[in-house]
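The values are calculated or read from the model by the stated rules, or taken from the named source; none is laboratory data. Please read these numbers as outputs of a predicted model, since none were measured by experiment. Don't worry about glycine lacking a Cβ; one is built from the backbone with ideal geometry, like all the others, and counts go over all protein chains shown. The protein model used for the area step is the full one, side chains on, heavy atoms only, and it has no ligands, DNA or RNA in it. Shrake-Rupley method; radii C 1.70, N 1.55, O 1.52, S 1.80 Å.
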Amino acid sequence: MEGQYVVFENVTKIYKTGETEIRANDNVNFHIAEGEFCAILGASGAGKSTILNLLGGMDVLSSGTITIDGRNLAKLNLKQLTDYRRNDVGFVFQFYNIMPNLTALENIELATEICKDSLDAKAILGDVGLDDRANNFPAQLSGGEQQRVSIARAIAKNPKILLCDEPTGALDYETGKKILKLLRDFSKKSNKTVIIVTHNQAIKAIADRIIHVKNGSVESIEINENPIDAEMLEW
Amino acid sequence: MVKNNGKGSYIKYITRGIKNHIGRFLAIIAITALGAAFITGLSTTAPNMRASIDAYLDARTAADIIIKAPYLSADDIAALTDSGYADKITPAICLDADIDGMSARLYYLTLGENIVNKPVLLDGRLPNNHNEIVVETSGTYIKNIAVGTVLTFGVANIAPVSAEYTVVGIVSNAWYFSKEKELTYIGRGYLDTIIYFDISYYESLNFYTDALITVKDNAKLDTFSDRYKEATDEAIQAFEALGENKDWYISDRETNQSFLTFRENANKIEAISVVFPVFFLLVATLVVLTTMTRTVNEERLSIGTLKSLGYSDFKIASKYILYALFSSLIGVAFGVISGFRLLPAVIYNTFSTMFHLPELSYGFYFGTGLISSGVMVISILGATVYSALHTLKETSAALLRPKTPKAGKRILLEKIPFIWKHLKFKYKSTLRNVFRYKKHFFMTIIGIAGCTALVFAGLGLKDSADSITKVQYSEILKYDVCLGVDGSMPIGSLSEYLNNSDGYIETFQKMGYILSDKKDVPATLIVVRNAQAQNLNDFITLRERKSKSPIKLTDGVIISEGISVQLGIKQGDTFVFDGREYTVYKISENYVNNYIYMTENYSGFAFETTHIFVKDSALSGNADQINESLSALNGVSTSELLSETKEVFQRPLLQINFVIIIIIVSAGALAVIVIYNLTNVNIEERKKEIAALKVLGYHDREVAGYVYRETAILTLLGSIAGLGLGVLLLEYVVKLMDGINMMMGRHITPLSFILAFAATFLFTSIVGVFMYGKLKKIDMNASMKDME
């Protein structure tokens, strides 16, 4: 259904520690269309990390349904969730998480060698502008370059959705903007759904859809008809 | 984390540190405990055994010196007393005789509390008249004769008329504390019983054959010490002066079978008890020390935080120092206490099959154990302090920033594109990981190699011990019985038993010592007739150990390998035996006792038949079955069955084998803990990496593969290195264990290599299965955080 590529319906996640229950997500509802560049915004502790974990198949929900391209994550077992992460999700971390002992190219191959419809690692590295850095090790790369490797690794899997956890959190202002532009361009060029989880309000301006999270629930959803170019962004 | 509100939260910080790394903490306790227990236990075993026997011999007033003579008068005894060297002298008549179908040693002496070699009553009572006797308690060869048994016999020269004697008591004499064969010149060559008569009921007996003597103040000395030997030798010299021209034969405990075998065994245990534990401890120390270094490195962020909060370097470092101190001290305390009681008791108990043993007394022979454990704790602390201070030298800002990962290095293999290009991606990353940190790489390999080496050396030692009897009594000695004959006896009287002239060989044998500056090595000279030089090989294999090539007796004097090892003499060297000088022609493989072989013309002795080696093929029947009849033959003084001798030599090896098994088991235990610890540290260090792999969609098994492939390669390299190291270790220990009368085998079975190698892999696999759960539990959220 048009506009219903990613759907959260009455999603609740409860963490139990002994007698106490923590409702990290309480009746969360939203949907994201295919090819959309979406930002999930909220202060720390608002429940956005839980949404990220559920969306990324890293955790199981307590009740409700999460549908990605028509597939209900609530019905998947742990092994199927791993396969989902493997084939359908590209993940960009705040701290890159690339393997220090592998070259840029090899870090991408680390992901592509295990998934079904992966793209050519070398070509993707070119797409993120790291053609000449293919054989460098992470220690020889700047933070921005490392994040590009991380993005290339996520893209190369040819996933259904790209999940980014504070992708600019560890980067300086200029570099951060370039990374956002890279992500936005990827989304538009290849019509891929990109979801950025962040506390950085500035990102609103470049997103198609902004989901505000507060106290474990969706506070409001904004549609941005005229997102600006990431390079114009200021924070 | 830490609130700056007093000591409470800092202590919490430390105890939580232990809790968070509980696996590691327990592993350090276990490794140090094992190391300390092993060294304390083994190093105290031999001293405790010796001390127990020393105390036992003193408590039983065992003789220091025995003088034997055809005739000792009351005047002689008085002269010995007047010499001032003796503490106590017990005169006795002692002779070996055939009585009632048994080879017996008879003692006539004043039975009571206050005598030397006092027979202590175990059952019944002491004799009340001249028809009552007490007998020695049974051993493996000494027969069990119940109280109430009546024996009928006469004793030549003393009580020749056959009479009935009733056994009224069972006694134990510390002089005969071994349960093994007590040799005699009569019958089959060993005693069936020892009988004690109270001489006070035999008034006609007014002479003695033996003076059992304790030397003044010797009881205060350790009977195994040099000072004891000096004091005894001094007394012997004084007695020799008295006995000049009187045909006295003076001997000390060195001629006591029980004493000698016990000392030999204690020495062997001591030989293994130094090298193994020290090696063991080295491995343990190394592993713990690496663990502590890695723990400090892992916690850079916490260290940086504390530093920025204004904690002093000393206070920050003290967490790690206390962590190391607690774990290693708990381990050492536990190890020393358990090792000190457990190992000596267990090993000592195995000796009860060979000896009538007193209770084991636990002396405080902590020196080796405590010093080595102390060195271990200090090394661990030293390494911890060093790496803590090293980390603390960085500014807190640098510590708070994630550590710049070391540039992933290209490894040697990448320079060979032919191989590298064809490797699967996952193997490439594994190989790079393996070689990523040189220090971890070497520490892990050395740790694993140490364990493999210990397991291998243990197995190899068992091979060496096994091959002694296996090779000696089936490949080298091939006769079935050795008959000692009077030189005067013509071979003809044996002829009804010997029906095949190829099945026996006559020899001239002489026991003596090869004297040298270093030590005197006992050896048996075996001479055959010139014409029969070729035939000896049918009874005793003369061959070189390594090449197995046969040695011809016709060409010169051959010595057994033990002599060569003990004296360091080689082919072409000369040696002196019984006043004659010989040149070594060849050295032949041999493990038990020492032999010199030659033909009549090389010997310089006039050939007379003293011993005949006989094979079953020459006998109408099997030697075991007809041995009784053979030994009863007139003119046959002794008959030694090879099968029995083999048993005698096998028994002490059983105890050694037991110690070896303890070594193998401990080495195995160490290996398991070491591998667990290394894997655990490896996983904890790379939690973030593992979490990231999981987020990327790696299945648990693939994640395990990623981690375990590395472990497998390290285990492979470590265990190969370990086999090499093990060969060296084994060679060293085997040499230490060579005794004067027994050379350890040098043959290692391929199975030992395979087993040591396989065991290491098995341990790694077990640990892998065990750690799989831990891998599964690693939270993917770890990849979201910067650091712990």
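Computed over the range A:111-160, the percent of Cα pairs more than 17 Å apart is 30.
The angle separating the long axis of helix B:425-434 from the principal Cα axis of greatest extent in chain B is about 70 degrees. Taking only the Cα atoms of chain B, the radius of gyration and Dmax are 34.0, 106 Å. Is the range B:133-272 best put as rounded, prolate or oblate by its Cα gyration tensor, with a ≥ b ≥ c the root eigenvalues, rounded for a/c under 1.5, and otherwise prolate when a/b is larger than b/c, oblate when not? Verdict is oblate for the range B:133-272.
Scaled against 2.2 N^0.38 Å for its residue count N, the alpha carbon radius of gyration of the range B:259-325 is 1.98. What do you get for the angle between helix B:623-632 and the principal long axis of chain B? Use alpha-carbon atoms, 0 to 90 degrees, nearest ten. Taking Cα atoms only, the helix is inclined about 30 degrees. Within straight-line reach of B:LYS220, meaning a Cα separation under 23 Å, sit the following lysines at least 8 residues removed in sequence or on another chain: B:LYS88, B:LYS118, B:LYS229.
Evaluate the charge dipole of the range A:1-57 about its Cα centre and quote only its size in Debye, nearest 20, assuming +1 on the Cβ of each Lys and Arg and -1 on the Cβ of each Asp and Glu.
Working: 4 positive and 7 negative charges, 52 e Å.
Around 240 debye, computed over the range A:1-57.
Along the positive direction of the dipole of the range B:635-788 (beta-carbon charges: Lys, Arg +1; Asp, Glu -1; about the Cα centre), which of B:THR760, B:ILE778, B:SER639 reaches farthest? Comparing the listed Cα positions along the dipole, B:ILE778 ranks first.
Take every DSSP beta bridge with both residues inside the range B:533-671 and express the antiparallel ones as a percent of the total, to the nearest 5. Please list the in-between numbers first.
On the way: 7 of 11 bridges.
Among the beta bridges of the range B:533-671, antiparallel pairing accounts for roughly 65 percent.
Given charges of +1 on the Cβ of Lys and Arg and -1 on the Cβ of Asp and Glu, with all other atoms neutral, how large is the dipole of chain B about its Cα centre, in debye to the nearest 20? Each step should come with its number before you reach the end.
Working: 76 positive and 77 negative charges, 1704 e Å.
Using Cβ point charges on Lys, Arg, Asp and Glu, chain B gives about 8180 debye.
Note that the range B:2-91 carries a Kirkwood radius of 19.8 Å, evaluated over its alpha carbons pair by pair. Taking the square root of 5 times each eigenvalue of the Cα gyration tensor, what semi-axes in Å does the equivalent ellipsoid of the range B:475-602 have, largest first? After scaling each eigenvalue by five and taking roots: 26, 17, 13 Å.
Straight-line cross-link reach from B:LYS307 at under 15 Å between alpha-carbon atoms covers these aspartates and glutamates, not counting any fewer than eight positions away in the same chain: B:GLU299, B:GLU394. Across the alpha-carbon set of the range A:41-136, the Rg to Rh ratio works out to 1.04, Rh being the Kirkwood radius.
Across q = 0.11, 0.15 Å⁻¹, the range A:137-227 modelled as identical point scatterers on its alpha-carbon atoms has Debye log10 I(q)/I(0) values of -0.34, -0.62, in the order of the q list.
Of the Cα atoms belonging to the range B:346-490, the radius of gyration and Dmax stand at 29.6, 102 Å. Could you tell me whether the range A:68-191 comes out rounded, prolate or oblate from its Cα gyration tensor? Rule is a ≥ b ≥ c as square roots of the eigenvalues, rounded for a/c under 1.5, then prolate if a/b exceeds b/c, otherwise oblate. Prolate is the answer for the range A:68-191, as a/c is 1.5 or above and a/b outweighs b/c.
Please calculate how many Å² of accessible area the range A:1-91 carries per residue, with a 1.4 Å probe and no DNA, RNA or ligand atoms counted.
Numbers: 4070 Å² over 91 residues.
Using a 1.4 Å probe on heavy atoms only, each residue of the range A:1-91 averages 45 Å².
Give me log10 I(q)/I(0) at q = 0.12, 0.17 Å⁻¹ for chain A, Debye formula, one equal scatterer per alpha-carbon, no solvent. Log10 I(q)/I(0), no solvent term: -0.65, -1.28. Histogrammed with a bin width of 10 Å, the alpha carbon distances of the range B:216-289 distribute as 15, 29, 24, 15, 10, 5, 2 percent, first bin at zero.
Please report how many Lys pairs in the range A:179-227 have alpha carbons closer than 19 angstrom, counting only residues at least 8 apart along the chain or sitting on separate chains. So the count works out to 6. Partners of B:LYS570 within straight-line reach, counting aspartates and glutamates whose Cα lies under 12 Å from its Cα and excluding those fewer than 8 residues away in the same chain: B:GLU561.
Surface composition of the range B:405-488: carbon and sulfur atoms hold 63% of the protein heavy-atom accessible area at a 1.4 Å probe. Each 10 Å bin from zero up to the one holding the largest Cα-Cα distance in the range B:91-210 carries the following percent of pairs: 14, 50, 34, 2.
Given axes a ≥ b ≥ c from the Cα gyration tensor, I'd like to know whether the range B:285-422 is rounded (a/c under 1.5), prolate (a/b larger than b/c) or oblate.
Numbers: a/c = 4.72, a/b = 1.68, b/c = 2.81.
Cα axes put the range B:285-422 in the oblate bin.
Remark: the range B:199-316 carries 44 Å² of accessible area per residue (probe radius 1.4 Å; ligands, DNA and RNA excluded).
Quick one: Kirkwood hydrodynamic radius for the range B:309-385, alpha-carbon pairs, angstrom, one decimal? Numbers along the way, then the final one.
On the way: mean 1/r = 0.0658 Å⁻¹.
Answer for the range B:309-385: a Kirkwood hydrodynamic radius of 15.2 Å.
Divide by every residue of chain B the summed helix terms, -39500 (n - 2.57) for each DSSP H run of at least 4, and state the resulting mean residue ellipticity at 222 nm, rounded to the nearest 500 deg cm²/dmol.
Numbers: 19 runs with 387 residues, N = 788.
Roughly -17000 deg cm²/dmol at 222 nm, from the helical runs in chain B.
Contact order for the range B:12-147, expressed relative to its length and based on alpha carbon pairs under 8 Å spaced 6+ residues apart, stands at 15 percent.
Can you work out the base-10 log of I(q)/I(0) for the range B:76-147 at q = 0.11, 0.19, 0.26, 0.28 1/Å, using the Debye formula on its C-alpha atoms alone? One equal scatterer on each Cα of the range B:76-147 leads to -0.37, -0.95, -1.40, -1.49.
Of the residues B:LEU553, B:GLY112, B:VAL385, the one whose Cα sits farthest toward the positive end of the charge dipole of chain B, with +1 on the Cβ of Lys and Arg and -1 on the Cβ of Asp and Glu, is B:VAL385.
A dipole drawn for the range B:1-137 from +1 and -1 charges on Cβ atoms has a positive end, and of B:ILE31, B:PRO127, B:LEU95 the residue lying farthest that way is B:ILE31.
Subtract the Cα-Cα distance of B:ASN537 and B:ALA79 from 0.36 nm times their separation in residues, and report this length gain in nm to one decimal.
Numbers: separation 458, 0.36 × 458 = 164.88 nm, distance 5.31 nm.
In short, 159.6 nm is gained.
For B:ASP210, the accessible surface of its heavy atoms amounts to roughly 0 Å² (probe 1.4 Å, protein chains only, rounded to the nearest 10).
Inter-label distance, A:LYS189 to B:LYS776: 4.2 nm, where each label sits 7 Å from its Cα along the C-beta direction. Note on B:ASN20 and B:GLU113: their simple-model spin labels are 7.1 nm apart, each label 7 Å out from Cα toward Cβ. The C-alpha radius of gyration of the range B:686-756, expressed as a fraction of 2.2 N^0.38 Å, stands at 1.90.
Counting only alpha carbon atoms, the long axis of helix B:642-685 and the longest principal axis of chain B meet at about 10°.
Under conditions of 4 °C and 1.567 mPa s, the range B:581-643 yields 88 µm² s⁻¹ as its translational diffusion coefficient, taking Rh as the Kirkwood radius over Cα pairs in the Stokes-Einstein equation.
How big, in percent, is the set of alpha carbon pairs in the protein assembly as shown lying more than 54 Å apart? Working shown, then result.
Working: 216732 of 522753 pairs.
Here the long-distance tail beyond 54 Å is 41 percent of all Cα pairs in the protein assembly as shown.
Summarising the overall dimensions of the range B:717-788 from its C-alpha atoms, the Rg and Dmax are 21.1, 70 angstrom. Summing Cβ point charges (Lys, Arg +1; Asp, Glu -1) relative to the Cα centre of the range B:540-640 gives a dipole of roughly 480 debye.
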